[in-house]
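Visitor: Mind having a look at this structure? Questions to follow.
The values are calculated or read from the model by the stated rules, or taken from the named source; none is laboratory data. Computed from a prediction, not measured in an experiment: that's the story for all the values here. Accessible surface is based on the protein model in full, side chains and every heavy atom, while ligands, DNA and RNA are left aside. Shrake-Rupley method; radii C 1.70, N 1.55, O 1.52, S 1.80 Å.
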Amino acid sequence: MDIVRLIAAILLPPLGVFLQVGLTGQFWINILLTLLGYIPGIVHAVWIIARR
């Protein structure tokens, strides 16, 4: 399942975070980072998925 989350994190970072943690603060932070720049959103999403 982690492979699916990582692929989702690369294609659509908030989706990968949502699949990992749900509608928590980390999800909203990732939405903000993705809006500010696609790469920061990807980095944050991969970090969230990798640390759990």
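Visitor: Rounded to whole Hz and in sequence order, give me ³J(HN,Hα) for the stretch 22-27 from the Karplus expression 6.51 cos²θ - 1.76 cosθ + 1.60, θ = phi - 60°, writing x for Gly and Pro.
Guide: Whole-Hz 3J(HN,Hα) from phi for the stretch 22-27: x, 8, 10, x, 4, 5.
Visitor: Still on this structure, please answer the following. Helix-only estimate, please: 222 nm mean residue ellipticity of the chain, summing -39500 (n - 2.57) across DSSP H runs of length 4 or more and dividing by its residues, to the nearest 500.
Guide: The helix-only estimate for the chain comes to -26500 deg cm²/dmol at 222 nm.
Visitor: With a bin width of 5 angstrom, please list the P(r) values of the chain as percents of all Cα-Cα pairs, from the 0 bin to the one holding the largest distance.
Guide: For the chain, the binned pair fractions read 5, 29, 38, 22, 6, 0 percent.
Visitor: Which value, in Å², gives the accessible area per residue of the chain when a 1.4 Å probe is used on the protein heavy atoms?
Guide: Here the residues of the chain average 64 Å² of exposed surface.
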